[in-house]
Structure formats: C-alpha cells, structure tokens
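The values are calculated or read from the model by the stated rules, or taken from the named source; none is laboratory data. No experiment lies behind these values; they were computed from the predicted model shown. Every residue, glycine among them, receives a Cβ derived from its backbone with ideal geometry; neighbour counts consider all protein chains shown.
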Amino acid sequence: MLKTLNDLLEALKPARPTAPPEAQAHALQLATAVLLVEVMRADAKGALAEKPAVMSALREKFALADDELARLFELAEQRSIEAHDLHSFTARINAAFEEPQKLRILEMLWQVAYADGHLDAHETHLMRRLADLLHVRQSDAIVAKLRAGMKSGG
C-alpha cells in the first residue's frame, strides 16, 4: 500500500533529465497511458468498449504485469481527469521517442478510437490535436489512422 502511494506521488512529479532511468520510464508510461485514456474519454458512449483497447495497447507497448497495468490505468484516468492540457504529456513523448515510435503511439490511439466500432467527432478532433502535439506530419497521421482502421475493421 505504501509503495503504491509512493509510486503515485512520484509519478505526479515532472520527470527530470537527471532522474533515474526507472523514474523516466514510469513518467513516459504514464504520459502514453494518459493520451490513451483521453481518447477513450473523448467518446463517453464508447468508453466501456474502448477500455480493453487501452489496456491491450499499454500491455503491448510496455510489457507490464497485470497489477502494474491496472495501477498505470488507474493513475492515467486520474491524471486525465485532472489535466488542464495535454502538452506536458506529449512533450514527454516527443523528448523520448523518435518519429517511428510516435507514429506507433498514434496508431494505438486510433485503435482505441475505433474500438467501439465508430469514430465520434470529439475523437476525430482530439486525434488531430494529438498528431499536431506529437509533431507528426498530416500524411503520416493519415497512414496511422488507416492502419489502425484496417486492424480494427473500421
């Protein structure tokens, strides 16, 4: 219990370049998870169908154990609700990942948006914003969307 609370408090602090690699990795996982949760929350009707897609994307991206995955999701939901903007999360991803990795994250975000079988206007708007914040070219963002749509049957 104390370790979980400590992990929560540590994850809320901004990662410093001098922070231990483990802390930087946790902060990057949280930033990615928050973006996935934001897409899930963009369509209130589809959130139940999209949660498994979020969990699957996090499991695939970070190879987490079930308890770590549940804790990361819970923390990401909390941070998503409290967040005033997405810049701090996308900035962390931009600093850590090269373009191919960011494109893979964008594809995972699209997979979450497609998980309930339709794209909501709020999801589409959010995805455009996220592509811009991740500094992904529009043509590459479209390719990521098409790839995700083919995988989901959308």
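Points worth noting:
- Check on Ala25, out of contact with any Asp or Glu (no Cβ under 6 Å at 6 or more places or on another chain), among the small types (Gly, Ala, Ser) and either buried (at least 19 other Cβ atoms within 10 Å of the Cβ) or at pLDDT 90 or above (or both): no
- For the range 98-151, the candidate set comprises residues that are over 19 Å from Lys51 (Cα atoms) and among the acidic types (Asp, Glu); within that set, the residue that is surrounded by the most Cβ atoms within 10 Å (Cβ to Cβ) is Asp140.
- Test: Ala11 is of a type outside the set (Ser, Thr, Tyr), assigned to a helix (DSSP H, G or I), modelled with pLDDT under 95 and farther than 25 Å from Leu146 by Cα: yes
- Single condition Glu74 does not satisfy, out of (1) closer than 21 Å to Leu130 by Cα; (2) at pLDDT 95 or above: (1)
- The set of residues from the range 47-63 being hydrophobic (A, V, I, L, M, F, W, C), in contact (Cβ under 8 Å) with a residue 24 or more places away in the chain and under 17 Å from Ala25 (Cβ atoms) comprises Ala57, Leu58, Phe62.
- Residues satisfying the stated conditions in the range 80-111, i.e. basic (Lys, Arg) and under 22 Å from Ala47 (Cα atoms): Arg104
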